[in-house]
1. Could you identify the single residue in Asn152, Asn136 that is surrounded by 17 or more Cβ atoms within 10 Å (Cβ to Cβ) and away from the ligand (no atom under 15 Å from the Cβ)?
2. Within the stretch 183-199, can you find the residues that are among the β-branched types (Val, Ile, Thr) and touching a residue at least 40 places away in the same chain (Cβ under 8 Å)?
3. If you take the residues of the stretch 84-107 that are outside any loop (DSSP other than H, G, I, E, B) and touching a Leu at 6+ places or on another chain (Cβ under 6 Å), which of them is nearest to Asn296 (Cα to Cα)?
4. Taking Glu299 as the residue in question, decide whether it is within 16 Å of the ligand (Cβ to nearest atom), acidic (Asp, Glu) and not assigned by TED's automatic domain parsing to the domain that holds Trp167.
5. Within the stretch 288-310, can you find the residues that are assigned to a helix (DSSP H, G or I), closer than 18 Å to Ala170 by Cα and of a type outside the set (Asp, Glu)?
6. Quick one: in the stretch 34-50, which of the residues that are touching a strand residue (DSSP E or B) at 6+ places or on another chain (Cβ under 6 Å) and under 27 Å from Asn292 (Cα atoms) is surrounded by the most Cβ atoms within 10 Å (Cβ to Cβ)?
7. Go through the stretch 86-124 and give me each residue that's among the small types (Gly, Ala, Ser) and in contact (Cβ under 8 Å) with a residue 40 or more places away in the chain.
Amino acid sequence: MKEIKLAIMGAGRWGINHVKTAHELLKGNLKIVCDIDKKKEREVKLISQSIKFDTDLNLVFDDKEINTVIVATPAETHFELAKKSLIKNKNVLVEKPITLLTAEAEELIELSHQQQKKLMVGHVLLYHPAINKLKNMITDGTIGKVQYIYSNRLNLGSVRSEENILWSFAPHDISIIQYLLESNPININANGASFLQSKIEDTTLTYLRYPGNIHAHIFVSWLHPFKEHRLVVIGNKGMIVFEDSLSQNKLKYYPKGFTKINHELTKFEGDFETIDFDNLSPLEEEQKHFFNSIINNQEPLTNGDHALEVLKILEEAQKKLYNFDTTN
Ligand SMILES: NC(=O)c1ccc[n+]([C@@H]2O[C@H](COP(=O)([O-])OP(=O)(O)OC[C@H]3O[C@@H](n4cnc5c(N)ncnc54)[C@H](O)[C@@H]3O)[C@@H](O)[C@H]2O)c1
């Protein structure tokens, strides 16, 4: 394919990071940033006076030169904006979650095939070099058979009113666990509680059981005294901890566990080792992956199918939450 000619929809807290990154990567080929809030223009112009800004999204849909779109607006708008962009023959990177309903996600996937356009979803942590290193350490057998994974994503964070913490934080963790295990859960359970706003959970605990006696849980909260992003993977030969909230030594390998000697469970406990990984920006890697998938006509890693599986898990977990959270 020819050159990427990009438009970005949504320049809010996360969208502005897309603008900065795309401006660095594409310079003048970032053709326009659109946000319905005129106030966002100031922040966009702080990145570069040369970036065009408008509140009218039709300038993107109707511009035939623009072949690629990043949708970084709130989740409830993803379906409509991604659909319209695909219909108008544009490749789409839409932020997570892909849509709010599986039927909508399926429609986008189908449409992207019909239009022969790429559809990718911003599950940015799959472009984190530490997650790739961790995945390699599973694949090459370093920690043996995976038994258990857990993820804590906690902060005194940006409380949202349009979605609960499950939909806001857990897509990251679900996406990572799906990527690491390369299978789908056979059992999903979730509970949670609302304190700050009626019917919007501030904290949830999601439990996933995978084939082969592999278990996982995801604890997310925006009502927590400090930031903790910790992923722990337990294997029968060793354990890996990825703590993204630390400033350094984020990835560690622990040669620890139990083995059977003469039918007796015996502990082994080696010293932990810090694992180095490339210091690359996950968002920059994500955008590069998206642009390369278009140029080289390759399926993106976090394509519609990956995002659809994440969405199905979110939907099932949400059903369990309704039954559990008595404030609903
Ligand atoms: N991948 C990640 O790590 C990550 C991190 C944070 C947020 N996100 C996702 O990014 C998306 C945006 O999140 P945010 O934190 O930037 O939200 P935000 O509320 O800060 O910003 C959303 C922006 O979209 C604009 N907007 C709303 N409707 C629009 C429309 N129809 N057309 C154009 N602009 C519109 C709003 O004016 C606002 O500026 C969400 O889907 C969120 O889940 C992803």
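1. Only one candidate passes the filter, namely Asn152.
2. Ile188, the sole residue that qualifies.
3. Taking the candidates together, the pick is Val92.
4. no
5. Gly304, His306, Ala307, Leu308, Val310
6. Here the residue is Cys34.
7. Once the filter is applied, which keeps residues that are among the small types (Gly, Ala, Ser) and in contact (Cβ under 8 Å) with a residue 40 or more places away in the chain, the stretch 86-124 yields Ala105, Ser112, Gly122.
Okay, residues lined up against (1) at pLDDT 95 or above; (2) in contact with a Phe, Trp or Tyr (Cβ under 6 Å, 6 or more places away or on another chain); (3) within 15 Å of the ligand (Cβ to nearest atom); (4) closer than 24 Å to Gly304 by Cα:
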residue	(1), (2), (3), (4)
Ile4	yes, yes, no, yes
Gly10	yes, no, yes, yes
Val19	yes, no, yes, yes
Ile36	yes, no, yes, no
Ser50	yes, no, no, no
Leu57	yes, no, yes, yes
Val71	yes, no, yes, yes
Ala82	yes, no, yes, yes
Ser85	yes, no, yes, yes
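The values are calculated or read from the model by the stated rules, or taken from the named source; none is laboratory data. Source: prediction; values computed, not measured. Methodologically, a virtual Cβ is constructed for each residue, glycine included, from the backbone with ideal geometry; neighbour enumeration extends over all protein chains shown.
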